[in-house]
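Report on one structure; see the data block that follows.
The values are calculated or read from the model by the stated rules, or taken from the named source; none is laboratory data. What you see is a predicted model, and the numbers here were worked out from it, not measured in a lab. Here the Cβ positions follow ideal geometry from the backbone for every residue, glycine too, while neighbour counts run over all protein chains shown.
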Amino acid sequence: MATNKKPGNWRKRTIAVRGGQVRTGFQETCEPLIFTAGYAYEAAEEAEARFKGESPGYQYSRLSNPTVSMFEERMAQLEGAPAARATATGMAAVSAVFLGSLQTGDHVVSATALFGSCRYVMENVLPRFGITTTFVDGSDLSAWAAAMTPKTRLLFVETPSNPTLSIVDIAAVAKIAEKGGARLVVDNAFATPVLQRPMDMGAHVVVHSSTKFIDGQGRALGGMILCRQDLLDENLNQYLRNTGPTISPFNAWLHLKSLETLELRMKQHCENAQIVADFLAQQKKVPRVLYPFRPDHPQHNLAKAQMDGGGGVVTFEMEGGKSSCFKLANALGLIDISNNLGDAKTLITHPETTTHQKMTPEARAAAGVTTGMMRISVGLEDAQDICDDLAQALKVA
Ligand SMILES: *Cc1c(COP(=O)(O)O)cnc(C)c1O
C-alpha cells in the first residue's frame, strides 16, 4: 500500500475529502474497501515479527483493517485528535470508553440530559462493577464542581443534548475535569466536527455515533472514539482488541466516503433547520421552539461561542400534549415518523413515548422531556416543502 500525498496544512473540507487516504498498487482514486478477516505473511518469520510488534502491517480485522484505519485517520484529522478507534456503533464507543478505562470504586459525573442508552450504561451496567455516577444539570457549573470526588475519573457530556438541545460549556467543564485529575468525554454526534471540535476546547475524549449525520443517509451503524494516545495505551486499546466491538470494513467505508460531503450536508441541515425552527416559532399551536441558533434558546450565546452552526435538529412543544403530537405526526405526508436522526430525510419523533419511554417520569422531567414535546431531525429536502407539510399537519392537530 502506498500512502497518499502528504497532508499539508489542509483545511477541514480538504481533510474530509482526502485525509488518511491510502492507495493500493492499482492506484485507485476511490478509497478501497478491503473486505478480509485475515492477512497472509511472506514467511513465518514475518508473522512472528508482526506479532512481536516489530513489523508494521495487519494481523486480523478484529484488531485493525486498512479501510477502517482510513476512516479513523480521517476522523482524527477532522476532530484534531491524536488517536482514533472506530467501533460497530455509537454505543459500542461509549461503553468501551467506560469499561476500557474505569475500574471498581471509580466515579463518573454526567449531565442529566443524555441519549437513553448512555444513561442505561451509567445507571445499570457500571454499578454492577462498582462504578457509580452522579447526574448533574449540565448547564450548572457549580453542580459539576460540587459532584467531583477524589475517585472521579470521567465526566460525560452530550452537547447539544437529545432531545432538549441544551448546551454544556465544554471549556469550563474540561477545566473542572482537569482540576480533579479526571477526563472529559464529549458525545459529539449532534454537532459533528464540522460544527464543533471539543478537543480544541479542552475535552480529553470525543465519542461519535457515526450512524447519524456522518452516515447522513440512514444506512449503516458505526461509532468512533477520539482521544489522546495515553488513554488508548492505559487499557482501552487492549480492551478494544480483545473484546471486539469492531466496525465492519463495509460500514467504515460507507462512513469514510460520507465524510467527503459532511460539511456540505451539515451546512444545508443547519440552513433547513433554522428555516423550520423559525416557521414553527410563528405557529399559534406551538408555544415553544428549541434551536441553539435562535436568540430565544436559553443558551444561545454559549451555542454561538462554541458551535459553527445550530445543527440539524429542532425540538418544539405542541399545545394539547401527547394527543395533538400524535395527530400532527399522523397527518404528515412528507416527514416520516422515526426515532432515528441525521438522515437526509426529515424525521419526527415524540420522545416521551419513544426514545425516552423507558425512563421514570421523574428522570424524564429532569431531562426536560415533556408530554407535548416533538423532535424533528431536519433533512435535506427543500425547506419549503418541509414547512408546507408541517403547516398542513398543524391544521389537523
Ligand atoms: C444515536 C446516538 C448514540 C448511539 O449511537 P448508535 O450508533 O445508535 O449506537 C449515542 N449518542 C447520541 C447523542 C446519539 O444520537
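Numbers at a glance
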| quantity | calculated |
| --- | --- |
| Given (1) closer than 23 Å to SER377 by Cβ; (2) touching a Lys or Arg at 6+ places or on another chain (Cβ under 6 Å), number of the condition ASP106 does not satisfy | (1) |
| Entirely in region 34-140, the strands (runs of 3 or more DSSP E) that have 3 or more residues that are under 16 Å from the mean Cα position of the chain (by Cα) | 83-87 |
| Filter result (touching a Ser or Thr at 6+ places or on another chain (Cβ under 6 Å) and within 16 Å of the ligand (Cβ to nearest atom)) within region 225-246 | PRO245 |
| Sole exception among (1) over 20 Å from THR315 (Cβ atoms); (2) away from the ligand (no atom under 16 Å from the Cβ) for ASP137, by number | (1) |
| Region 138-157, residues that are under 16 Å from ALA303 (Cα atoms) and surrounded by 24 or more Cβ atoms within 10 Å (Cβ to Cβ) | GLY138, VAL157 |
| Number of positions in region 204-224 that are assigned to a strand (DSSP E or B) and within 12 Å of the ligand (Cβ to nearest atom) | 6 |
| Filter pass, THR370 being touching a residue at least 40 places away in the same chain (Cβ under 8 Å), surrounded by 14 or more Cβ atoms within 10 Å (Cβ to Cβ) and out of contact with any Ser or Thr (no Cβ under 6 Å at 6 or more places or on another chain) | yes |
| Search result, residues across region 91-113 that are among the aliphatic types (A, V, I, L, M), under 14 Å from LEU236 (Cβ atoms) and within 12 Å of the ligand (Cβ to nearest atom) | ALA92, ALA93, VAL94, ALA96, VAL97 |
| Subset of region 5-19 (residues that are in a loop (DSSP other than H, G, I, E, B) and modelled with pLDDT under 95) | LYS5, LYS6, PRO7, GLY8, ASN9, TRP10, ARG11 |
| Flag for VAL173 being under 25 Å from GLY312 (Cα atoms), more than 16 Å from the ligand (Cβ to nearest atom) and in the same structural domain as LEU236 (by TED's automatic domain parsing) | yes |
| The one condition in (1) over 18 Å from ILE335 (Cβ atoms); (2) more than 16 Å from the ligand (Cβ to nearest atom); (3) among the aromatic types (Phe, Trp, Tyr) that PHE250 fails to fulfil | (2) |
| Residue within region 158-167 that is aliphatic (A, V, I, L, M), more than 16 Å from the ligand (Cβ to nearest atom) and assigned by TED's automatic domain parsing to the domain that holds VAL205 present | no |
| Pairs where the first residue, in region 289-308, is without any contact (Cβ under 8 Å) to a residue 60 or more places away in the chain and the second is aromatic (Phe, Trp, Tyr) and part of a loop (DSSP other than H, G, I, E, B), C-beta under 9 Å, 6+ apart | HIS300/PHE293; LYS304/PHE293 |
| Only one of ALA113, ALA93 that is at pLDDT below 95 and closer than 30 Å to LYS12 by Cα | ALA113 |
| Unmet requirement for SER69, which otherwise passes all of (1) under 30 Å from ARG219 (Cα atoms); (2) in contact (Cβ under 8 Å) with a residue 60 or more places away in the chain; (3) polar (S, T, N, Q) | (2) |
| Residues being more than 16 Å from ALA143 (Cα to Cα) and either basic (Lys, Arg) or more than 14 Å from the chain's Cα centre (by Cα) (or both) - total across region 183-198 | 2 |
| Close pairs from region 134-153: first over 18 Å from GLU123 (Cβ atoms) and modelled with pLDDT of 95 or more, partner in a helix (DSSP H, G or I) and not hydroxyl-bearing (Ser, Thr, Tyr), Cβ under 6 Å, at least 6 apart | LEU141/ALA172; TRP144/VAL173; TRP144/ILE176; ALA145/ILE176 |
| Filtered residue count, region 19-40, keeping only those that are surrounded by 11 or more Cβ atoms within 10 Å (Cβ to Cβ) and within 15 Å of ASN65 (Cα to Cα) | 12 |
| Failed condition for GLU178, given (1) part of a loop (DSSP other than H, G, I, E, B); (2) away from the ligand (no atom under 12 Å from the Cβ) | (1) |
| Single match in VAL206, VAL194 (criterion: in contact with an Asp or Glu (Cβ under 8 Å, 6 or more places away or on another chain) and over 26 Å from VAL289 (Cα atoms)) | VAL206 |
| Criterion violated by THR261 - all others in (1) within 23 Å of LEU114 (Cα to Cα); (2) away from the ligand (no atom under 16 Å from the Cβ) satisfied | (1) |
| Near pairs, Cβ below 6 angstrom, 6+ apart or cross-chain, from region 111-124 (in the same structural domain as PRO351 (by TED's automatic domain parsing)) to any residue that is more than 10 Å from the ligand (Cβ to nearest atom) and aliphatic (A, V, I, L, M) | none |
| Members of region 192-203 found to be in a loop (DSSP other than H, G, I, E, B) and either farther than 14 Å from GLU158 by Cα or within 10 Å of the ligand (Cβ to nearest atom) (or both), listed by number | GLY202 |
